[in-house]
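The values are calculated or read from the model by the stated rules, or taken from the named source; none is laboratory data. This one's a predicted model, so the numbers in the text were calculated from it and none came from an experiment. All Cβ positions, even for glycine, are placed from backbone atoms using ideal geometry, and neighbour counts span all protein chains on display. The protein model used for the area step is the full one, side chains on, heavy atoms only, and it has no ligands, DNA or RNA in it. Shrake-Rupley method; radii C 1.70, N 1.55, O 1.52, S 1.80 Å.
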Amino acid sequence: MVKRMVDYPIKEQYDIHDLVKIMQILRSDQGCPWDRAQDHHSIRANFIEEVYEAVEAIDNEDRALLKEELGDVLLQVVFHARLEEEAGSFDFAEVCDGICKKLLFRHPHVFGSVQAGDEAEALKSWEQAKKEEKKPQSAAETLRQVPRVLPALMRSAKVQGRAAKAGFDYPDLAMAMRDLESELQELKEAVGEGSPAHIREELGDLLFSVVNISRFLEVEPEESLNRSCDKFISRFSEVERLADAQGIPLKGSDIAVLDSLWKQAKNKEIKNTEGYENDKS
């Protein structure tokens, strides 16, 4: 029989204390060489990837996968906390303590005497408690605190939202739409000039304006763009099928031919959608 390096108890069910202990073992001299070699930066991408995989499980309403992915996210939290415990900074228990105290303080409408009869009042109570918790800050400082590592569309929406709370916003959707048209014209002019730096700047301004529109329409830009990506993939798959059936090579074909295939794919999608809606009625 092969002797186990670390004799950890076999249980019917493990809990968070086991996870913390297992991570401690993995990082020890008797543990895993790979785990011992890691630091915050080397597993940073893993953290992001695990969160996105959990989000995808939510979007797909796959509860079994969500349970697994939430475990992977929790592992990342415990891993980073273990690194700091080894450095003498803080441990997982202090992470739990901090978030518990934050939740208790920021829910005075639950754990205090503040009244909140609906979602809007609860959010207002949370924001007020958050202001009391934080030191006084300028509006610009709150914008700078939006993490740069967020997806650009999400970061733009958060920056714009915080600016709007400070009173810096369009009065209505119509003015935001006019600004969008203006940014598109400026991009056209930059393209005409042929300056890569100017084009990059104006393209960014255009995208930023699009996010402003989404804010007024109360549409999540990240989700909206992802839906468009899914739609494009679906239509492109049909275009590829049609091209193959008709003996048309996609590479090198005239744009009019490709446009015709695209319209066929789009029309089929619309008919299928209409048929689905009719079936529902």
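Using beta carbons and a limit of 6 Å, which pairs, at least six apart or on different chains, have the first residue in the stretch 102-122 and under 20 Å from Lys134 (Cα atoms) and the second one in a loop (DSSP other than H, G, I, E, B) and open to solvent by 60 Å² or more (accessible area, probe 1.4 Å)?
From residues that are under 20 Å from Lys134 (Cα atoms), the pairs are Pro108/Val114.
Can you pull out every residue in the stretch 186-202 that is open to solvent by 60 Å² or more (accessible area, probe 1.4 Å) and within 28 Å of Glu141 (Cβ to Cβ)?
Arg200, Glu201
Residues of the stretch 147-169 being assigned to a helix (DSSP H, G or I), among the small types (Gly, Ala, Ser) and either free of Cβ contacts under 8 Å to residues at least 60 places away in the same chain or open to solvent by 80 Å² or more (accessible area, probe 1.4 Å) (or both), which ones? Talk me through it step by step, then tell me what you get.
Pass one, the stretch 147-169, residues assigned to a helix (DSSP H, G or I): 152-165.
Checking which are among the small types (Gly, Ala, Ser) leaves us with 152, 156-157, 161, 163-164.
Matches in the stretch 147-169: Ala152, Gly161, Ala163, Ala164.
Considering only the stretch 247-278, how many residues are open to solvent by less than 60 Å² (accessible area, probe 1.4 Å), at pLDDT below 90 and either among the basic types (Lys, Arg) or in contact with a helix residue (DSSP H, G or I) (Cβ under 8 Å, 6 or more places away or on another chain) (or both)?
1
Return only the number of the condition from (1) in contact with a Ser or Thr (Cβ under 7 Å, 6 or more places away or on another chain); (2) open to solvent by 60 Å² or more (accessible area, probe 1.4 Å) that Glu240 does not satisfy.
Among (1) in contact with a Ser or Thr (Cβ under 7 Å, 6 or more places away or on another chain); (2) open to solvent by 60 Å² or more (accessible area, probe 1.4 Å), Glu240 violates only (1).
Only one of (1) open to solvent by 90 Å² or more (accessible area, probe 1.4 Å); (2) touching a residue at least 40 places away in the same chain (Cβ under 8 Å); (3) aliphatic (A, V, I, L, M) fails for Leu19. Which number is that?
Failed condition: (1).
Which residue, of Glu53, Glu61, is out of contact with any Lys or Arg (no Cβ under 9 Å at 6 or more places or on another chain), of a type in the set (Asp, Glu), more than 12 Å from Phe79 (Cβ to Cβ) and surrounded by 13 or more Cβ atoms within 10 Å (Cβ to Cβ)?
From the options Glu53, Glu61, the qualifying one is Glu53.
Which pairs do you get when a residue that is more than 16 Å from Leu150 (Cα to Cα), found in the stretch 36-50, comes within reach of a residue that is surrounded by 13 or more Cβ atoms within 10 Å (Cβ to Cβ) and aliphatic (A, V, I, L, M), reach meaning Cβ atoms under 8 angstrom, with the pair 6+ apart or on two chains?
Arg36/Leu26; Gln38/Leu83; Asp39/Leu83; His40/Leu83
From Leu65, Leu74, grab the single residue that is touching a residue at least 40 places away in the same chain (Cβ under 8 Å) and either among the polar types (S, T, N, Q) or within 30 Å of Asp230 (Cβ to Cβ) (or both).
Just one listed residue meets the conditions, Leu74.
With Glu183, Glu141 as the choices, which residue is of a type in the set (Asp, Glu) and open to solvent by 50 Å² or more (accessible area, probe 1.4 Å)?
When all the criteria are applied, what remains is Glu141.
Is it true that some residue in the stretch 170-179 is touching a residue at least 12 places away in the same chain (Cβ under 8 Å), farther than 15 Å from Leu206 by Cα and not in a helix (DSSP H, G or I)?
yes
For the stretch 123-133, does any single residue satisfy the condition of being outside any helix (DSSP H, G or I) and open to solvent by 60 Å² or more (accessible area, probe 1.4 Å)?
Taking every residue of the stretch 123-133 in turn, none turns out to be outside any helix (DSSP H, G or I) and open to solvent by 60 Å² or more (accessible area, probe 1.4 Å).
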